[in-house]
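S.K.: One structure, pasted below without further comment.
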Amino acid sequence: MIPLKDNIPTTRFPIVTVVLIAINVAFFVWLLSASGDSGSATAPVLERAGASERDQLNFEYGAIPAEVLHPGEYCAPTDVEHGEIVDTCGSRDEVERESGLEQAPWWVTLLTSMFMHGGILHIAFNMLFLWVFGNNIEDAMGKLRFIAFYLLAGIVAIYAQSLFSPDSTVPQIGASGAVAGVLGGYALLHPRAQVLTLIFIIFFVTIVEIPAMIMLGIWFVLQFIPAVADVATPDVGEEGGVAYLAHVGGFVFGLALVKLFAHRRQEDPPSSPHPAY
């Protein structure tokens, strides 16, 4: 299911939502420009492993669970064994000397990691969901509160993922956790809103209006089930992949705290049948 638009009008232009999307796109273009083959600027260990400068930036500016849960400890690739990158954790100076990578302070990575994405589909879906649902949350909160809500949701999501893989040295990147907070907030503020949604199942494609509670409920279940699997097999989560626990953590944060941030509430318009296309 791909949301296209909702039926909740906004009372003002969502400037913060637009700026957040612009920053994410700018970061993605920056990463894309460094996605070529390894060059002279790539750390020696990553170069031997066949990694690119983009991988280097992920290690430098992504949120690494072992770092965010152990402030003052830094982790980076320092060796290659049997084609696999071996990471070392220690003091910042030690890790930078052994890896050849500059290490951003762990608290900086909590922010930078939220604006980094691994591919075009990753950023496209995140930004689409942010645009469809974020403008109404910004409308309910105002600019400053929405910024705080969005960033806090992203930080909570990072810690939710990190707590279940505390020794992982795989960088977490993406706005999914922060966007999940927006979705959780929307589900609570506008459960009866109608969302024009593109649905495709193999060769069957249609556009229908779906109640926000149903659509976001399905989205949450699709995140929660694999998140439970990650908790049951934590070693798998340490190897990377989709951070389902971050999605769940961000969504729950949005549900729990949206009313503390929202200072104005707009009533949902009455639902009306919408023909399929």
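All of the numbers you see were taken from the coordinates with simple rules; none came from a lab. Computed from a predicted model, the values in this text were never measured in an experiment. Cβ atoms come from the backbone with ideal geometry, glycine included; neighbour counts cover every protein chain shown.
S.K.: Using only the Cα atoms of segment 120-221, build the gyration tensor, take square roots of its eigenvalues as a ≥ b ≥ c, and label the shape rounded, prolate or oblate: rounded if a/c is under 1.5, else prolate if a/b is larger than b/c, else oblate.
M.R.: Judged from the Cα gyration tensor, segment 120-221 comes out oblate (a/c at least 1.5, b/c at or above a/b).
S.K.: Would you mind giving the average projected area, over all directions, of the Cα convex hull of segment 104-162 in nm² with one decimal? Kindly include the intermediate steps, with their values, before the conclusion.
M.R.: Details: hull surface 18.8 nm².
Value for segment 104-162: 4.7 nm².
S.K.: So, one more: With each pseudo-label sitting 7 Å past Cα toward Cβ, what's the Val29-Val242 distance in nm, one decimal?
M.R.: For Val29 paired with Val242, the spin-label model returns 2.9 nm.
S.K.: Further question on the same structure: Compute the length gained on full extension between Ala256 and Arg97: take 0.36 nm times their separation in residues and subtract their Cα-Cα distance, giving the result in nm to one decimal.
M.R.: Details: separation 159, 0.36 × 159 = 57.24 nm, distance 4.31 nm.
In short, 52.9 nm is gained.
S.K.: Okay, next question. Taking 0.36 nm per residue of sequence separation and subtracting the Cα-Cα distance, how much length would be gained by fully extending the chain between Ala229 and Ile199, in nm to one decimal? Write down the numbers at each step before the final one.
M.R.: Values: separation 30, 0.36 × 30 = 10.80 nm, distance 2.63 nm.
Length gained between Ala229 and Ile199: 8.2 nm.
S.K.: Work out, in µm²/s and without decimals, the Stokes-Einstein translational diffusion coefficient of the chain at 25 °C, 0.890 mPa s, Rh from Kirkwood over C-alpha pairs.
M.R.: Values: Rh = 19.7 Å.
Estimated via Stokes-Einstein, D reaches 124 µm²/s.
S.K.: Another one. Contour minus end-to-end for Arg12 and Thr206, with contour as 0.36 nm per residue of separation and end-to-end as the Cα-Cα distance?
M.R.: Details: separation 194, 0.36 × 194 = 69.84 nm, distance 3.10 nm.
Contour length minus the Cα-Cα distance gives 66.7 nm.
S.K.: Hey, what number do you get for the chain at 222 nm if only DSSP H runs of n ≥ 4 count, each worth -39500 (n - 2.57), divided across all residues, to the nearest 500? Could the numbers behind the result be given before it?
M.R.: Values: 12 runs with 152 residues, N = 277.
Counting only the DSSP helices, I get -17500 deg cm²/dmol.
S.K.: Same structure, new question: Could you list Phe28, Phe125, Phe204 in order of exposure, starting from the residue whose Cβ has the fewest other Cβ atoms within 10 Å?
M.R.: Details: Phe28 20, Phe125 16, Phe204 7.
Lowest to highest Cβ neighbour count: Phe204, Phe125, Phe28.
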